[in-house]
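Notes for the one structure printed next.
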Amino acid sequence: MDDSPHLSMTQPDRAPSIPVIEHVACDDATIRVTLVDGRSLALPLAASYRLSAATPAQRANYRVDPFDQGIHWPDLDEDIGLHSFLGLSEEAFYDLLGFAAPTDGTSTD
């Protein structure tokens, strides 16, 4: 069984399963997410200056976004997307899922 954190096709004619964040935990060294399918992914706490400098209470105050694809720490104004835990750019993550990446509303036309 492949325990890699990457998205995979369950069958050639089916879309990849979409990873969904169930739980987030931070300690003094690691930011860890648990997905609803049981996988656990981690980033070093040093990946975020704001989280590294935060108190344990500030790290514990997080919100998972409405689509379960990102985490927001309101006390710190910090956001980390699930794509970071998977080692993908945001664009590659959305492309893999078959969605257009979110835009900031600006146009390059």
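The values are calculated or read from the model by the stated rules, or taken from the named source; none is laboratory data. Quick caveat, the model's predicted, so the values are computed rather than measured. Note that each Cβ is placed from the backbone with ideal geometry, even for glycine, and that neighbours are counted across all protein chains shown.
What the table below lists for this structure:
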{"read-out": "Pairs where the first residue, in region 50-64, is of a type in the set (Phe, Trp, Tyr) and the second is outside any helix (DSSP H, G or I) and surrounded by 15 or more Cβ atoms within 10 Å (Cβ to Cβ), C-beta under 6 Å, 6+ apart", "value": "Tyr62/Val24; Tyr62/Ile71; Tyr62/Trp73"}
{"read-out": "Failed item in (1) surrounded by fewer than 17 Cβ atoms within 10 Å (Cβ to Cβ); (2) in a strand (DSSP E or B), with Ala46 passing the rest", "value": "(2)"}
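A quick yes/no check of all residues on (1) over 26 Å from Asp95 (Cα atoms); (2) at pLDDT below 95; (3) of a type in the set (A, V, I, L, M, F, W, C); (4) over 15 Å from the mean Cα position of the chain (by Cα):
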| residue | (1), (2), (3), (4) |
| --- | --- |
| Asp2 | no, yes, no, yes |
| His6 | no, yes, no, no |
| Met9 | no, yes, yes, yes |
| Arg14 | no, yes, no, yes |
| Pro19 | no, yes, no, no |
| Asp28 | yes, yes, no, yes |
| Gly38 | no, yes, no, no |
| Thr55 | yes, no, no, yes |
| Asp68 | no, yes, no, no |
